[in-house]
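The values are calculated or read from the model by the stated rules, or taken from the named source; none is laboratory data. Being a predicted model, the structure only gives us computed values, none of them experimental. FYI the Cβ positions are ideal-geometry reconstructions off the backbone, even for glycines, and counts take in every protein chain you see. We work out accessible area using only protein heavy atoms, side chains counted, and drop any ligands, DNA or RNA first. Shrake-Rupley method; radii C 1.70, N 1.55, O 1.52, S 1.80 Å.
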Amino acid sequence: MNKLKIAIQKSGRLNEDSLKILKECGISISNGLDQLKATVPNFPMEIMYLRNSDIPQYLKDGVVDIAIIGENVLIEKGNSISILEKLNFSKCKVSIAAPENFEYKSIKDLEGKKIATSYPNTLNAYLKDKGVTADLHQISGSVEIAPNIGLADAICDIVSSGSTLFKNNLKEVEVMFQSQAVLAVSPLLSKNKEGTLKRLRFRIQSVLKARKSRYILMNAPNEKINAIIKVLPGMRSPTVLPLAEEGWSSIHTVIEKDKFWDVIDELKIMGAEGILVVPIEKMVI
Ligand code: PRP
């Protein structure tokens, strides 16, 4: 049985985007009757829907071969597990927050304080590194309520939009690290599954590159082509095609999505017209 077993979050903030990236990789998923396991008819893979916090242990034990999981969970529970790809979604921070009226100047202000958290290992290591001793209270959910009910002076949890902190009158005082969804691999992955994993990684990389890029095309007078090409770094070299109208060409290239707004004004000044920016579905380089 050489099927690659992948764990994804059963429910929660990573679930939808994890399924989405797999679908974009051409993996079609047919749910099994029990819904905890799904078969993949068109790729040698099996999907296991698991609880987020259990996934690191399943990876360590080799019960699953790979997983899409938050880096925050791996840092907390996943020593010995390697990250293969950062997936660029479900971005969040793991932070310490305190009540709005807490006069916070530095981490030293947490000395001797009670801190509620679902991330005891991460927080312990962070405080130790800063030479601070605090009283940690491990809670598995609704951590942000702890200061309001007198359970703790501060909290440590993930912050995404910041709305949970805001609703609970808390302010972020330390960002411990930034986290995102990653593809992680079991240390016990068997040799005969390496080929399948390589194929899957290739597909994921193609999807991630495409998500970051845009295909851009524009018309420009021929005498401006060289200047325009200089501000348009393409995959290799832009494509230039003559237009039916004498003296004009169409320039096509690929740019990083985030760079588009940096170059658009320059392109217009240089005489580019009819600029189109198009999403790319897959990008194989
Ligand atoms: C997480 C975390 C925070 C919240 C932060 O909970 O525990 O409570 O999200 O997100 P925000 O900054 O966008 O408000 P989640 O809803 O993922 O469920 P959990 O309690 O099971 O961790």
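What are the residues in segment 144-193 that are within 17 Å of the chain's Cα centre (by Cα), open to solvent by 20 Å² or more (accessible area, probe 1.4 Å) and either free of Cβ contacts under 8 Å to residues at least 24 places away in the same chain or within 13 Å of the ligand (Cβ to nearest atom) (or both), if any?
Those that are within 17 Å of the chain's Cα centre (by Cα), open to solvent by 20 Å² or more (accessible area, probe 1.4 Å) and either free of Cβ contacts under 8 Å to residues at least 24 places away in the same chain or within 13 Å of the ligand (Cβ to nearest atom) (or both): I158, S160, S161.
If I ask for residues that are of a type in the set (G, A, S) and either outside the structural domain of S163 (by TED's automatic domain parsing) or open to solvent by 40 Å² or more (accessible area, probe 1.4 Å) (or both), which ones from segment 96-110 would you list? Lay out the reasoning, then the answer.
Within segment 96-110, the first condition is being of a type in the set (G, A, S), and the residues that meet it are 97-98, 106.
Correct list: S106 only.
Considering only residues of segment 44-85 that are more than 17 Å from the chain's Cα centre (by Cα) and under 16 Å from I204 (Cβ atoms), which is farthest from the ligand (Cβ to nearest atom)?
P44
Could you tell me how many of the residues in segment 58-80 are at pLDDT below 95, open to solvent by 20 Å² or more (accessible area, probe 1.4 Å) and part of a loop (DSSP other than H, G, I, E, B)?
Final tally of qualifying residues: 2.
What's the number of the only condition in (1) part of a strand (DSSP E or B); (2) within 16 Å of the ligand (Cβ to nearest atom); (3) open to solvent by less than 30 Å² (accessible area, probe 1.4 Å) that A220 fails to meet?
The single condition A220 does not satisfy is (2).
Name the residue, out of K167, K130, that is of a type in the set (K, R) and farther than 27 Å from S90 by Cα. Lay out the reasoning, then the answer.
Numbers: K167 fails: farther than 27 Å from S90 by Cα.
Answer to the selection: K130.
Consider segment 111-143. How many of its residues are away from the ligand (no atom under 16 Å from the Cβ), crowded, with 19+ Cβ neighbours inside 10 Å and part of a loop (DSSP other than H, G, I, E, B)?
1
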